[in-house]
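Here is the structure we will look at.
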Amino acid sequence: MTIFSRLSPETCFLLTGLLFLAGVFQLALCLYRLLCHGALKRRIADGALFAALLCLCAYLSVCSAGHLEARFPWALLPLLALLVFLHAAAGLRRTYRANLETLSPTSVRQALDNLNAGILFADETGRAVLVNYAMARLGVELTGSYPQAVGDLTDALAAAGERSPIRRVNDLPALYRFPDGRIWRFQTVPLDEPALPGFTQTTAVDMTELFETNAQLERDNAALRADIRRMQAMLAHLADIIPQQEALKLKVRIHNDIGASLIALSDLLENGGADAETALERLDRALVPFGSEYPVSPGTLEAAQRQAADMNAELLVEGVRPADPEAERLIAAAARECVTNCIRHAGGRRIRVVITAGEGRYTAHVTNDGRAPSGPIAEGGGLSALRQSIEQAGGEMVITAAPRFALTVSLPERRTEP
């Protein structure tokens, strides 16, 4: 066996330092078990082991200085240090798990500190006996120091808004907005436990999310009420529009269909027909609008051509045929209006409609062989109703009088799904 003092200084220092580090780990285990209120026997054993390691380190320091000579297997010192390390690590792990699984003052305190809410328990004199982390932080913001009594908090809350950056929310006594924007609700209630007479519990609950949700709900409700008012106004306006629409449809029917029938009847009375059978057919078609079961005129160009033929006029349609039924209906209405006006005012009998398509629009150009207008054309009921229908569909209507009459209609092309 080698005498310890005869080892190299580096070896003596390494062995002594290794044992000292093992003693530090053992001390940490002693303090943790003391903090967690571990078993008394374990705390005594851990304390004795730490004292032994401390004495051994002192003894080795004396030997390394050459004052003592001792013969023992110094190679066992690293093994001893390793065993102490393993014992301390296992003890810390076992104590930690036991602390999680058992109820103790430390575990209760840790659970309270992990809460998002602030809690303060005060005795009958108002002195704080337990304050968790959240309440301590709020107390520092309220009073500038760690809360020592429940009265410190209540006084600071009562003075909120005067000389403090903390403000009451909507003048409610329990809700306070802190400088970071969070909203907390403070409440103090007495404890009902008979063993704790006079003790009180003060809580601080974070109400920020709930408050903001309620505020957003109020904003949504206000927006909804505004939408309801707008809808009611639209419905009231719609109630006024519907009679106007019905009146417009009636005017269009009278002007287009009944007016055309009157012209056809007048032509039959003046000129008759090629034969009796043809005249009877024309008379039958001319009297249809005056029947009790009068159908709506089909909005096609073919129907407009037949109606023109009944009035002893010719309607020529050239170019593309609109694939959009609404566009065809309006172009046919424009053609019928031009046929009626040509016969009435221009003395013509041939009306020509040229339809083109491009850039997402249909354009119909209507001319006739009647007399040229003597001046600007004043739009009467028929043309005004036609313009209103075309503009409601998003189109445009242009009337020119020189050098001859022409009516141009432009309508958007609405593509239908196949």
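Please treat every number below as a calculation from the coordinates, not as lab data. None of the values given here were measured: they were computed from a predicted structure. Glycine gets a Cβ as well: all are built from the backbone with ideal geometry, and neighbour counts include every protein chain shown.
Among the GluC sites (Glu not before Pro) in segment 343-413, those located in a DSSP loop and surrounded by at most 11 other Cβ atoms within 10 Å of their own Cβ are Glu359.
Sorting Ile331, Ile343, Ile390 from the fewest to the most surrounding beta carbons within 10 angstrom yields Ile390, Ile343, Ile331. Each residue of segment 26-33 is assigned a 3J(HN,Hα), and the resulting list reads 5, 5, 4, 5, 4, 5, 5, 5 Hz, derived from the Karplus form 6.51 cos²θ - 1.76 cosθ + 1.60 (θ = phi - 60°), x at Gly and Pro.
With a cut-off of at most 15 other beta carbons within 10 Å, and DSSP calling the residue loop, which GluC sites (Glu not before Pro) in segment 305-354 qualify? Please list them. Please report the intermediate quantities before stating the final value.
Working: sites: Glu314, Glu318, Glu326, Glu328, Glu337; in loops: none.
Sites meeting the loop and neighbour criteria: none at all.
Judged by the mean number of other Cβ atoms found within 10 Å, the most tightly packed of the peptides 55-62, 346-353 leads the ranking 346-353, 55-62. For the peptides 200-207, 44-51, residues were scored by their other Cβ atoms within 10 Å and the scores averaged per peptide; the highest-first order is 200-207, 44-51.
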